[in-house]
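A quick write-up on the structure given underneath.
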Amino acid sequence: MRNFEKSNKLDGVSYDVRGPVLEEADRMHEEGIRILKLNTGNPAPFGFDAPNEVVRDMIMNVRNSEGYSDSKGIFSARKAIEQYCQVKGFPNVTINDIYTGNGVSELISMCMQGLLNNGDEVLVPMPDYPLWTASISLAGGNPVHYICDEQAEWYPDIDDIKSKVTANTKAIVIINPNNPTGALYPKEILEQIVEIARQNDLIIFSDEIYDRLVMDGLTHIPIATLAPDLFVVTLNGLSKSHRVAGFRCGWMVLSGNKKHVKGYIEGLNMLASMRLCSNVLSQQIIQTALGGYQSVDDLLLPGGRIYEQREYIYNAINDIPGLSAVKPKAAFYIFPKIDTARFNIYDDEKFVLDFLHEHHILLVHGGGFNWTQPDHFRIVYLPKMEDLKFTTEKMREFLSTYKQK
Ligand code: PLP
């Protein structure tokens with residue numbers, strides 16, 4: 001019998017947020033060991049319920065959602081997204097520029113499949129949300145990582161971006177607010193990125209799935225609003241803000257100047273048609289979710305659960321000898337730095353596995369986010385406070401004797 005191997009297209013593609021470390025945690029779980037999982041940004045299992053009105057909307061619409069919809073999505077959902085864009089100031093967006101997807105994930109992959117030929121380059125942040133890097137590779141492109149600078153609030157390093165543009169660069173990806181760092185980019189940084197895109201004829205892809213999860217009275221600025229003369233694709237969805245990651249509800253918006261991208265849009269339309277449509281039932285909740293009262297706001301103010309847990313984790317991590325972290329401004333992740341010399345750390349995946357084996361707590365190593373030095377890991381600070389306290393106590397205990405062998 002012949003062996004069936006995975007396709008060559010998957011060479012060099014990795015997605016370590018659900019990779020080998022999770023496999024080890026699952027193996028331990030099967031042995032009966034209880035694992036505290038701080039590895040995925042999935043609010044619902046941590047007691048963050050979806051808003052009742054959103055769930056009720058879905059129940060009310062079950063019967064209306066039995067058939068396929070238009071491949072870009074149902075009218076009410078796309079109209080609500082169009083209005084959301086109007087309020088935020090997106091230039092040149094009509095209902096035809098809006099596509100719903102089975103989560104942002106499906107659309108990231110679609111955007112890259114529709115754009116890239118072998119060898120085309122796309123600038124991606126480092127660290128990144130690894131689906132971007134994986135999707136670029138799977139589409140035959142080369143992800144070229146630009147540095148986000150921990151010394152500067154994890155903002156993209158503009159000079160590094162400039163130095164990495166080549167004749168093959170087609171696009172730049174930004175993730176704002178950022179996973180895994182929790183950074184929120186100010187206008188000056190966004191303007192400089194727009195200028196690089198303008199000078200070099202790049203498409204901008206902006207992943208803004210955390211735009212409603214911003215703290216400290218700060219405001220999220222969509223990069224599309226600063227680039228009316230460029231073509232910008234903005235991705236967003238309800239997984240995080242409405243705690244419905246399992247419903248798979250996302251969308252993308254094409255804005256700005258579309259004269260020179262007709263061919264690409266044709267490709268996107270074809271890919272959208274090939275998957276027929278996104279889950280119609282989950283599209284039904286978009287209008288309600290984006291209109292009126294936003295229950296996520298309460299979680300992000302002082303006294304709110306995400307805010308208080310951010311305060312705790314930030315202080316507790318910085319209090320552990322050998323660890324330091326920039327304060328996250330948005331989303332629900334923190335990306336601490338480890339003093340590698342102190343613990344002789346040369347392999348961040350091993351660090352995370354050693355901690356998992358000793359304390360049964362699952363984190364993700366920096367390498368899972370395409371961070372090349374072995375000196376970071378990510379904590380999802382969604383679990384309840386007592387679990388976060390347990391985690392930081394165990395981390396302190398672990399590091400008090402840890403030396404990597
Ligand atoms: N983009 C970023 C930056 C994310 O962190 C995630 C999920 O963690 C996604 C996209 C995927 O979201 P969705 O559930 O809409 O597929």
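Scanning region 6-21 for residues that are surrounded by fewer than 16 Cβ atoms within 10 Å (Cβ to Cβ) and part of a helix (DSSP H, G or I), which turns out modelled with the lowest pLDDT?
Across region 6-21, the extreme among qualifying residues is Arg18.
Which numbered condition trips up Ser69, out of (1) of a type outside the set (A, V, I, L, M); (2) surrounded by 17 or more Cβ atoms within 10 Å (Cβ to Cβ); (3) not assigned by TED's automatic domain parsing to the domain that holds Met274?
Only one criterion is unmet by Ser69, namely (3).
Considering only residues of region 141-179 that are assigned to a loop (DSSP other than H, G, I, E, B) and open to solvent by 20 Å² or more (accessible area, probe 1.4 Å), which is farthest from the ligand (Cβ to nearest atom)?
So the residue we want is Ala167.
Name the residues in region 271-316 that are surrounded by fewer than 15 Cβ atoms within 10 Å (Cβ to Cβ), within 30 Å of Ala139 (Cβ to Cβ) and touching a residue at least 60 places away in the same chain (Cβ under 8 Å), would you?
The answer is Ser273, Arg275, Leu276.
Those residues that are open to solvent by 10 Å² or more (accessible area, probe 1.4 Å) and within 16 Å of the ligand (Cβ to nearest atom), I need them from region 189-209; list them, please.
Selection gives Ile209 alone.
Return the residues of region 22-56 that are within 16 Å of the ligand (Cβ to nearest atom) and either more than 17 Å from Ser241 (Cα to Cα) or loosely packed, with under 12 Cβ neighbours inside 10 Å (or both); say none if nothing qualifies.
Residues satisfying the conditions are Leu22, Lys37, Leu38, Asn39.
Quick one: which of Leu235, Leu230, Leu254, Leu226 is touching a helix residue (DSSP H, G or I) at 6+ places or on another chain (Cβ under 6 Å), within 15 Å of the ligand (Cβ to nearest atom) and either open to solvent by 10 Å² or more (accessible area, probe 1.4 Å) or in contact (Cβ under 8 Å) with a residue 60 or more places away in the chain (or both)?
Leu235
Checking Val54 against (1) in contact (Cβ under 8 Å) with a residue 24 or more places away in the chain; (2) under 30 Å from Met385 (Cα atoms); (3) assigned to a loop (DSSP other than H, G, I, E, B): exactly one of these is not met. Which one?
(3)
Given the conditions (1) under 24 Å from the mean Cα position of the chain (by Cα); (2) surrounded by 17 or more Cβ atoms within 10 Å (Cβ to Cβ); (3) more than 17 Å from Tyr129 (Cβ to Cβ), report the number of the one that Gln373 does not fulfil.
(2)
Taking into account only those residues within region 93-112 that are open to solvent by 30 Å² or more (accessible area, probe 1.4 Å) and touching a Ser or Thr at 6+ places or on another chain (Cβ under 8 Å), which is farthest from the ligand (Cβ to nearest atom)?
Within region 93-112, the match that is farthest from the ligand (Cβ to nearest atom) is Ser109.
The values are calculated or read from the model by the stated rules, or taken from the named source; none is laboratory data. These numbers come from a predicted model, not from an experiment. Because the Cβ atoms are built from the backbone with ideal geometry, glycine has one as well, and the counts that use them run over all protein chains shown. All accessible areas refer to the heavy atoms of the entire protein, side chains included, with ligands and DNA or RNA removed. Shrake-Rupley method; radii C 1.70, N 1.55, O 1.52, S 1.80 Å.
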